[in-house]
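One structure below.
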Amino acid sequence: MNRLRRMAWPLMVVLLPLALMAWSSLQSWRASNVLEEAQVMQQWLANPSDELLQRLSYAERTQAISAQGRRDQFAWKIREAQADRPPLLMRKALAWLAYWLALAALLAGPGTWIKLRMDAWRALKSQQYLYNHLSQSWHVIGRWLVAYTGLLVAAIGTSLLYELSYGWSHLKGGGWAMALVAIPVLGVMGIGIMLIVRLRKRWQAMDTPMSSVLGRGLSRSEAPGVWAWVEALASKLDAPMPDHIVVGVDQSFFVTCVNVTLQPSGQTLSGRTMYLPLPYLCTLSQAETAAIIGHELGHFNNRDTERGSEVSAHFRLMCEHFELIRAQDPDPSWIERPAIWITAQFLLHFQLAVHHWGRAEELLADRSAAKIAGTRLFAQALLRVIALESEIRQLLDDRQHGNVLQALAEHLQRTPMRLDDQVLEHTVNHPFDTHPATALRLRHLQVEIDAELLAQATRTPREQDRQWFGQLTQAPAPSNIAGAWA
């Protein structure tokens, strides 16, 4: 049943405005019909004829009543229509206003959908278009959705004013019942207005994208050896240095150019940030880690790859904002569903472009990693990171371990790592994930998996694997650090 309801959501983009147009047309006919029938009745009183009676409603012309009774009834209805003429003309104007508002919504809804499909198609065809227009398209769609929802709310409100005016004019004839109808309609309008507020708030929040990670900054003064080592790797690739190096335990290796807030300190970092995960640094060799860092530095090699990380972060934030909008109302009302569906369509179609170009950049960054230590060693490091990921994630999820690094070392000593066929479809965990499947990356590197490669990737961590990074953090900035990655 829920699936059928969701399938109806795209139809509501068109059906809601059409329903309001139909209702406002009926309202306009009701107001016009009263005035037109009053005019016909007045003509009949001046010159009674069957032809004039045929122009009246079926109930008026077929009721069994004497000629004098018909005259008295027509005279009474003419007086009533004349007394109610100003409100009738106002109701007619309200009906036409509601009609044009609904018509504008009918054009805005499909127009928004067409706009997002065109933008997503162009983003899939052009990397530069994606980088230059993702945020702009998101804001444009947001404004269109606010306008679309606002037009629906305005059309509903105008139609409600019509009915309230009718109820007031016919108060003695049961018009008070319109107040009962107004209560649920006002509730729907309130929901629509709250949706507009939420949409505006969420879209405006996109102006300041930020990522939050658990970790601490590693300054040059604290770890000059680490900075010198990373600088040597960047120099080999002719890549820009990160502005900040952060160490933590709950992520894999990544770089980003969006602002980063460190937890629990609350420190905000801007510029290029590189994240180094301690659990991996204690289980990979220095050469394997250098290959992985070479991949991450490859994202800084040119402005396009740098902007790619920004786009991925922006898109992730868009998805998070959409989830917040959905979480606030798990069962949205019918007036909310068109805007929610169009937002989901935007994310769905732009996701194809973001992943297409993001994965192309990942493959390009793999080439940088290969320059550091060769394709085979990078493939070994990549497979080892994937093999370690599930083990590390399991320990992080198990809060019984106070010292994660010690618990990981003990766990790996007694539990051998494994890589099965499913690893080829696995991707490295990443906060702005656009990584291709492992099989594609290895094929791109022209590396075949053999027994020796698997054995090295799944080996039990050696003493040097566990100690090299700690030694590097304690070392002053020696001159031989530049070659230490080999």
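Here 283, 261, 343 are screened, and the one residue that is among the β-branched types (Val, Ile, Thr) and in contact with a strand residue (DSSP E or B) (Cβ under 9 Å, 6 or more places away or on another chain) is 261. The set of residues in the range 219-243 that are touching a strand residue (DSSP E or B) at 6+ places or on another chain (Cβ under 9 Å), surrounded by fewer than 18 Cβ atoms within 10 Å (Cβ to Cβ) and either under 26 Å from residue 404 (Cβ atoms) or small (Gly, Ala, Ser) (or both) contains only 219.
For (1) modelled with pLDDT of 90 or more; (2) buried (at least 18 other Cβ atoms within 10 Å of the Cβ); (3) within 31 Å of the chain's Cα centre (by Cα); (4) not in a helix (DSSP H, G or I), each residue gets a yes or a no:
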{"site": "260", "(1), (2), (3), (4)": "no, yes, yes, yes"}
{"site": "271", "(1), (2), (3), (4)": "no, no, yes, yes"}
{"site": "274", "(1), (2), (3), (4)": "yes, yes, yes, yes"}
{"site": "280", "(1), (2), (3), (4)": "yes, yes, no, no"}
{"site": "288", "(1), (2), (3), (4)": "yes, yes, no, no"}
{"site": "292", "(1), (2), (3), (4)": "yes, yes, yes, no"}
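Counting residues in the range 214-223 that are touching a Pro at 6+ places or on another chain (Cβ under 8 Å), at pLDDT below 85, within 30 Å of residue 398 (Cβ to Cβ) and not in a loop (DSSP other than H, G, I, E, B) gives zero.
Only one of the numbered conditions (1) in a loop (DSSP other than H, G, I, E, B); (2) closer than 16 Å to residue 472 by Cα; (3) of a type in the set (A, V, I, L, M) is violated by residue 241, and that is (2). Residue count for the range 129-146, restricted to those that are more than 18 Å from residue 321 (Cβ to Cβ) and touching a residue at least 40 places away in the same chain (Cβ under 8 Å): 2.
Say we look at the range 312-343 and pick out the residues that are polar (S, T, N, Q) and touching a Gly at 6+ places or on another chain (Cβ under 9 Å); which of these is surrounded by the fewest Cβ atoms within 10 Å (Cβ to Cβ)?
Looking only at the range 312-343, we keep the residues that are polar (S, T, N, Q), and these are 312, 328, 333, 343.
Retained after the next criterion (residues that are touching a Gly at 6+ places or on another chain (Cβ under 9 Å)): 312, 333, 343.
Details: 312: 23, 333: 12, 343: 24.
My answer is 333.
So, residue 146, is that one β-branched (Val, Ile, Thr), outside the structural domain of residue 309 (by TED's automatic domain parsing) and modelled with pLDDT under 85 or not? Taking the combined requirement at face value, the residue does not satisfy it.
For the range 374-385, how many residues are surrounded by fewer than 20 Cβ atoms within 10 Å (Cβ to Cβ) and in a helix (DSSP H, G or I)? Give the derivation first.
Narrowing the range 374-385 to residues surrounded by fewer than 20 Cβ atoms within 10 Å (Cβ to Cβ): 374-376.
Retained after the next criterion (residues that are in a helix (DSSP H, G or I)): 375-376.
Summing the residues that are surrounded by fewer than 20 Cβ atoms within 10 Å (Cβ to Cβ) and in a helix (DSSP H, G or I) in the range 374-385 gives 2.
On the stretch given as the range 336-350, residues that are modelled with pLDDT under 90 and in contact with an Asp or Glu (Cβ under 9 Å, 6 or more places away or on another chain) total 2.
Would it be correct to say that residue 286 is more than 30 Å from residue 127 (Cβ to Cβ) and touching an Asp or Glu at 6+ places or on another chain (Cβ under 9 Å)? The answer is yes for residue 286. Restricting attention to the range 301-318, does a residue exist that is within 30 Å of residue 467 (Cβ to Cβ), in a helix (DSSP H, G or I) and in contact with a Ser or Thr (Cβ under 8 Å, 6 or more places away or on another chain)? Checked the range 301-318: no residue is within 30 Å of residue 467 (Cβ to Cβ), in a helix (DSSP H, G or I) and in contact with a Ser or Thr (Cβ under 8 Å, 6 or more places away or on another chain). The residues in the range 391-426 that are modelled with pLDDT under 75 and either part of a helix (DSSP H, G or I) or not assigned by TED's automatic domain parsing to the domain that holds residue 283 (or both) can be counted, and the count is 6. Answer with yes or no whether residue 27 is over 30 Å from residue 353 (Cα atoms) and either outside the structural domain of residue 164 (by TED's automatic domain parsing) or at pLDDT 85 or above (or both). Against the criterion (over 30 Å from residue 353 (Cα atoms) and either outside the structural domain of residue 164 (by TED's automatic domain parsing) or at pLDDT 85 or above (or both)), residue 27 qualifies. Say we look at the range 84-128 and pick out the residues that are among the hydroxyl-bearing types (Ser, Thr, Tyr) and buried (at least 18 other Cβ atoms within 10 Å of the Cβ); which of these is nearest to residue 147 (Cα to Cα)? Across the range 84-128, the extreme among qualifying residues is 112.
The values are calculated or read from the model by the stated rules, or taken from the named source; none is laboratory data. No experiment lies behind these values; they were computed from the predicted model shown. We place every Cβ from the backbone using ideal geometry, glycine too, and count neighbours over all the protein chains shown.
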